[in-house]
Amino acid sequence: MKTRLRVAILMTPPTLTLLALFVIPLVVMALFSFRAGTFGAQRDIFTFEHYRAYLDNTVYHNLLLRSAWVALETALYSVLLAFPVAYYLAFHAGSKRFSLLTLLLVPAWTSYLLRVLAWKIMLSSGGVFNAALLALGLVEEAKPILLYTRGAVIITLVYVWIPFVALPIYSALQRIDPSLLEAAADLGSPPWRTFLKVTLPLSLPGVLAGFFIVFIPTLGEWVTPMLVGGVSGSMYGNVIQDQFVRALNWPVGSLMSLVMLGFVLLFLLLFSRIGRLSDLAGV
């Protein structure tokens, strides 16, 4: 009884917080998606018209798929670039490990908006990339080659997310028993085979956690595409933001948000067929 009481006391605050800040707003948003309008008398009229219009609008479907592809690319590139960093910190940094880890996290202490704006300046016609191309004689005049493209969105997001991806990978690598690597070496396994057969499989929980840390929020990203993506780099989150802020069409915005949430849950369901969701927590 004491154990149950202790568990109840510990679980009550986070449960109430989750209920108040996630479950109830989600239910309200779901109910709002059935309303005919945002304000006035239409707010009290329930209809399925928004759902029918959404199913017939292939533009929204294509934009969601394109945003998912951008999120997938961003997550993959972030993992590929963060893994060597985490590997070096875990196995080769030695006494410099914590200093280098601090340097890795320093950019994350800066405002997210400032970091995105910094990349906007660097990718612009007067930025460092165009200056380098001019110095090398590869271009005759400065112009924003990457700015306001899907590539600019991916580059900026990868830069932003690398520290957050490196941390769970580093944590997973830290948990690997060194005796396993020593045993593989004693049995004559070359370093590359030890990495593929021992290190990489044991680090997969961290890799998967880092992947989803990037994929899920990037799918609904709208700040970065708005600043560096322009029209060609627009994503699904930009349309949702427009529905809530500019068009004031909260029912359609709620519906699109629910569709995006369902898409993420479907992706997690597909992942659960090939792995355990508990691997994301490293348990």
Residue hits (the stretch 176-215; outside any loop (DSSP other than H, G, I, E, B), farther than 15 Å from residue 80 by Cβ and polar (S, T, N, Q)) are 179, 194, 199
From the set of residues in the stretch 210-252 that are over 25 Å from residue 50 (Cα atoms), buried (at least 20 other Cβ atoms within 10 Å of the Cβ) and of a type in the set (A, V, I, L, M), which is nearest to the chain's Cα centre (by Cα)? 214
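What number of residues in the stretch 253-272 are more than 18 Å from the chain's Cα centre (by Cα), crowded, with 17+ Cβ neighbours inside 10 Å and under 30 Å from residue 207 (Cα atoms)?
Summing the residues that are more than 18 Å from the chain's Cα centre (by Cα), crowded, with 17+ Cβ neighbours inside 10 Å and under 30 Å from residue 207 (Cα atoms) in the stretch 253-272 gives 1.
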Scope the stretch 1-58; condition charged (D, E, K, R) and not in a helix (DSSP H, G or I); matching residues: 35
What is the number of the single condition among (1) farther than 30 Å from residue 265 by Cβ; (2) under 27 Å from the mean Cα position of the chain (by Cα) that residue 92 does not meet? (2)
If residue 128 satisfies all but one of (1) in contact with a helix residue (DSSP H, G or I) (Cβ under 6 Å, 6 or more places away or on another chain); (2) surrounded by 16 or more Cβ atoms within 10 Å (Cβ to Cβ); (3) among the β-branched types (Val, Ile, Thr), what's the number of the condition it fails? (2)
Is it the case that the stretch 100-117 has a residue that's hydroxyl-bearing (Ser, Thr, Tyr), assigned to a helix (DSSP H, G or I) and under 30 Å from residue 258 (Cβ atoms)? yes
Which of the residues spanning the stretch 217-266 are in a helix (DSSP H, G or I), farther than 21 Å from residue 39 by Cβ, out of contact with any Asp or Glu (no Cβ under 6 Å at 6 or more places or on another chain) and small (Gly, Ala, Ser)? 229, 262
Name the pairs: first residue in the stretch 175-198 and surrounded by fewer than 12 Cβ atoms within 10 Å (Cβ to Cβ), second residue at pLDDT 90 or above, Cβ to Cβ under 6 Å, at least 6 apart or on different chains? none
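The values are calculated or read from the model by the stated rules, or taken from the named source; none is laboratory data. From a predicted model like this one, the values you see are computed outputs, not experimental measurements. In this analysis, Cβ positions are derived from the backbone assuming ideal geometry, glycine residues included, and neighbour counts consider all displayed protein chains.
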